[in-house]
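The values are calculated or read from the model by the stated rules, or taken from the named source; none is laboratory data. Just so it is clear, the model here is predicted, and its values are computed rather than measured. Neighbour counts are summed over all protein chains in view; Cβ atoms, including those assigned to glycine, are modelled from backbone coordinates with ideal geometry. Accessible surface is based on the protein model in full, side chains and every heavy atom, while ligands, DNA and RNA are left aside. Shrake-Rupley method; radii C 1.70, N 1.55, O 1.52, S 1.80 Å.
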Amino acid sequence: MSSAAVASHLQSDEATLIEEFLAAQRNLTAVDRFAEQHRAAPSHSSYYRDLIPLSKPGAGQQYAFEVNLDLCSGCKACVTACHSLNGLDEDETWRSVGTLASSETGFQQAVTTSCHHCLDPGCLTGCPVNAYDKDPLTGIVRHLDDQCIGCEYCILKCPYDVPKYNATRGIVRKCDMCSSRLSSDEAPACVQGCPNEAIRIRIIDQAETAASITTESSSFLRNAPDPKITIPTTRYSGSRPLAAFEPPQPTPAPAHLPLAWMLLLTQLSVGGFVALAAFTGKLTPLEENRIAGLSFAALLTGLLVSVFHLGRPHLAWRAVLNLKRSWMSREIALFGLLFALAAMNIAVRLEESIFPHLATVRGVAAVSILTALIGILAVFSSVMIYHDTHRSFWNWKATSARFAGTLLILGGSLAMLTLQVSPSASAAALVVLLCTGLKLGWEITLLGAETGTSPASARSATLMKGALRRFVIARLLFGIAGGLVCPALVWNHGDKPTAAMFAGIGLFFCFLGELLERYLFFTAVAPDRVPGSAPS
């Protein structure tokens, strides 16, 4: 029987179910059709040229991705093409393909995402070393690999998880829309690799895009982080509404332990200097020297530990290059100034000949107050670093409460240990008691956020009562022991050795409790994410 006769028989009513399946298998897939078409065509350029603009962006315009969701099959050919043509490392991806699923309709939608080359890119404004550049002609946001120090702050600043940290190179890298190919009138790798032509490059008007983001008719992907944060330029289109899709179960975020230790130690240091300024004139020279020395040691240790968070620590000096826009640059500059003032505090107290004009009671008090004020500003900049990421778990109110509470609890505990039995020690113990009670009470209320109005807060509460439950329990136990029980015993005990013992135990438990709180600060954050993106 000829092949034509076989085909005719399979299409007839007499064909069995198996024969119908065999016939269906003979139909070419999208990838097969793509390959057949391009093998037969004498020239391939016309297919790719249809997917990119024939002219360059004009004034007030820029390039942007356009994705037709109806044509995206989730085959990940775009991911493979991007990986191959950009020479990415084995575990590195600049484009992701995810799936949205609705329990109401059972419908699944594949979504391809990459850098959105935003009008107000958070990665660019947050980077402390100016390792990002937005091309004024094309609008493409490029990462400057040679400038990067691997601090990963751009990963926290980007709502769409676009920048990816490359541990082998110690830097962050991301999509640049294959700018070198576009400049040669060639389509980017993902555009060229998609067999269904679901991805295109278009020229968009920046002013119109910014205006459309604030309206309900925005062409950006629904269920994604708020586009008003960075004003992404990618346009998504499709015939099906995407409002009913449900987010996946939250998972703990990276702990960023060097940052957790750095924040804890620097806030302990600032708390010590605040206590020193508050008790100036009421302490003996030995007590003042102890507080100043321990606070300086904590600050030095915290700054040294922070370097371990960098992929390229030998370039840490670059981190103050973006003081105009980056809160991280400002934080580093302020802590550098604090270090100088803390060293001056030690020098004024130990060697009068170094700063003879300051080696007076008023001079020492002035240096202590100035050190405390600069320290508070440095902690304020730490708060703004995380508030500026627009993650609800790190909002201004919550982060201020955490950092200010740590400062007062650890600073008061340090003063309580140093002063031991005195009216000042009792005052320090009372501060620790009140601040710990308020902070623990507030943290407990966060566990009930599952019924709140913020989906992100609900996800954080789910994490803390689920995967992070043991850390929450340990944090509360250490906080109660170190911040409530021990200060109460110090406050009511007149025996100096016993009070010193309780003060030392209290500082140790408070430190452990605050360290666990800072661990939860990083791991329990559960922001809105673009489909297909992995937690950063």
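Observations, loosely collected:
- The listed residues Thr418, Thr125 rank as Thr125, Thr418 when sorted by accessible area, largest first, using a 1.4 Å probe.
- Annotation: peptides 518-524, 142-148, ranked by per-residue average of other Cβ atoms within 10 Å with the highest first, follow the order 518-524, 142-148.
- Charge dipole (Cα centre; +1 on Lys/Arg Cβ, -1 on Asp/Glu Cβ; no other charges) of the stretch 382-505 amounts to roughly 320 debye.
- When each of the peptides 153-162, 78-87 is scored by the mean number of other C-beta atoms lying within 10 Å of its residues, the order from highest to lowest reads 153-162, 78-87.
- Accessible solvent surface per residue of the stretch 302-441, calculated while the other protein chains remain in place, 1.4 angstrom probe, Å²: 44
- Trp491, Trp317, ranked by accessible area, largest first (probe 1.4 Å): Trp317, Trp491
- Under the Karplus curve 6.51 cos²θ - 1.76 cosθ + 1.60, θ = phi - 60°, whole-Hz ³J(HN,Hα) for the stretch 167-179, x wherever Gly or Pro sits: 5, 5, 8, x, 9, 9, 9, 6, 4, 10, 6, 6, 4
- Accessible-area composition of the stretch 112-255, carbon plus sulfur, in percent [1.4 Å probe]: 49
- For the set Lys157/Lys439; Lys228/Lys397; Lys76/Lys465; Lys174/Lys397; Lys76/Lys174; Lys56/Lys174, the pairs lying more than 25 angstrom apart at their alpha carbons are Lys157/Lys439; Lys76/Lys465; Lys174/Lys397.
- Net length available on complete extension from Ala210 to Leu323 is 38.1 nm, with 0.36 nm assigned per residue and the Cα-Cα distance removed.
- Each residue of the stretch 126-135 was assigned a 3J(HN,Hα) from its phi angle through the Karplus curve 6.51 cos²θ - 1.76 cosθ + 1.60 (θ = phi - 60°); the sequence is x, 4, x, 10, 6, 8, 10, 9, 9, 4 Hz, with glycine and proline shown as x.
- When only the Cβ of Lys, Arg, Asp and Glu is charged (+1, +1, -1, -1), the dipole of the stretch 114-222 relative to its Cα centre reaches about 280 debye.
- Averaged over residues, the count of other Cβ atoms within 10 Å places the peptides 403-411, 381-389, 327-335 in the sequence 403-411, 327-335, 381-389, highest first.
- Placed amide H near Val172: partners under 5 Å, 5+ positions off or other chain: Gly150, Asn166
- Shown here are the Rg and Dmax of the Cα trace of the stretch 425-488, at 14.0, 44 Å.
- Close amide H partners of Tyr132, meaning residues 5 or more places away or on another chain with modelled amide H under 5 Å apart, are Leu144.
- Phi-derived couplings, Karplus 6.51 cos²θ - 1.76 cosθ + 1.60 at θ = phi - 60°, listed residue by residue for the stretch 224-233: 9, x, 4, x, 5, 5, 10, 6, x, 9 Hz, with x used for Gly and Pro.
- Hydrodynamic radius by Kirkwood, which averages 1/r over all alpha carbon pairs of the stretch 47-168, in angstrom: 16.5
- Residue order for Phe220, Phe509 - accessible surface, 1.4 angstrom probe, largest first: Phe509, Phe220
- Each eigenvalue of the Cα gyration tensor of the stretch 109-203, multiplied by 5 and square-rooted, gives one semi-axis; in descending order these are 24, 15, 13 Å.
- When nucleic acids and ligands are ignored and a 1.4 Å probe is applied, Cys127 ends up with an accessible area of around 10 Å².
- Between the residues Ala488, Cys435, Leu446, the greatest Cα displacement towards the positive end of the dipole of the stretch 430-489, with unit charges on the Cβ of Lys, Arg, Asp and Glu, is found for Leu446.
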